[in-house]
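Data block below; observations after.
The values are calculated or read from the model by the stated rules, or taken from the named source; none is laboratory data. Note that this is a predicted model, so its numbers are computed, not measured. In this analysis, Cβ positions are derived from the backbone assuming ideal geometry, glycine residues included, and neighbour counts consider all displayed protein chains.
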Amino acid sequence: MPATPTSKAVLAAPNVTSQWHLKRLHRRLDDRDSVLETALQLIEEWDAAVFPVIIKVAGFQPSKVATSGNVVVSIGGADFTSSSTVTATLGSTTLTLSSRSTNDQTLTFAGAGIESAVTAATTGDQLVLAIRIDNVLCPPVALTPITA
């Protein structure tokens, strides 16, 4: 286990610097449990001050007969940087990141991956967009159900 916490939730706990001891003394003698409790609460609340969130999805075409263009996703909450690692899935299809704008906090995903996910889905299915930024999952978003 690392000497210092690496979890965004633990690092965001307001009392981490005073209560997280580098050397574990004894469970009853140190305050790690209260830090972990605060961190779990941040996770449960999915605090946008700590974690990235999907604000808007533009360009998604749910029709099986239409050609999908690129999809632009606006991110809020904790900002991402030009060096951030971004992975995304739509349903069970892995998406390719075409571009990112750190100024606008937008991610653009290639239309080919979107079209592939829509084609693989059954009419009426509702695909879920899941994005991880620096290995932190944004709350997944259910998109418009697939149409014929």
Q.
For region 112-131, which positions are surrounded by fewer than 19 Cβ atoms within 10 Å (Cβ to Cβ) and within 16 Å of I55 (Cβ to Cβ)?
A. A130
**Q.** Conditions (1) among the aliphatic types (A, V, I, L, M); (2) surrounded by 18 or more Cβ atoms within 10 Å (Cβ to Cβ); (3) under 14 Å from the mean Cα position of the chain (by Cα); (4) under 18 Å from K8 (Cα atoms): number failed by A49
**A.** (2)
Q) Would it be correct to say that D134 is surrounded by 13 or more Cβ atoms within 10 Å (Cβ to Cβ), in contact (Cβ under 8 Å) with a residue 24 or more places away in the chain and within 29 Å of S7 (Cβ to Cβ)? A) yes
Q: Determine the pairs where a residue that is without any contact (Cβ under 8 Å) to a residue 24 or more places away in the chain, located within region 49-63, has a partner that is among the acidic types (D, E) with Cβ atoms under 9 Å apart, the partner being 6 or more residues away or on another chain.
A: none
Q) Quick one: would you say L127 is touching a residue at least 24 places away in the same chain (Cβ under 8 Å), closer than 16 Å to C138 by Cα and of a type in the set (A, V, I, L, M)? A) yes
**Q.** region 101-111: number of residues that are surrounded by fewer than 20 Cβ atoms within 10 Å (Cβ to Cβ) and either within 15 Å of the chain's Cα centre (by Cα) or assigned to a strand (DSSP E or B) (or both)
**A.** 4
Q. Can S74 be described as modelled with pLDDT of 90 or more and among the hydroxyl-bearing types (S, T, Y)?
A. yes
(Q) Regarding region 73-80, can at least one residue be identified that is assigned to a loop (DSSP other than H, G, I, E, B), surrounded by fewer than 18 Cβ atoms within 10 Å (Cβ to Cβ) and in contact (Cβ under 8 Å) with a residue 60 or more places away in the chain? (A) no
Q: Give me a count of the residues in region 112-143 that are part of a loop (DSSP other than H, G, I, E, B) and under 17 Å from S74 (Cβ atoms).
A: 4
Q. Given the structure, is I55 β-branched (V, I, T) and in contact with a strand residue (DSSP E or B) (Cβ under 8 Å, 6 or more places away or on another chain)?
A. yes
Q) Picking from A88, A112, which residue would you name as being farther than 20 Å from P139 by Cβ and not assigned by TED's automatic domain parsing to the domain that holds N15? A) A112
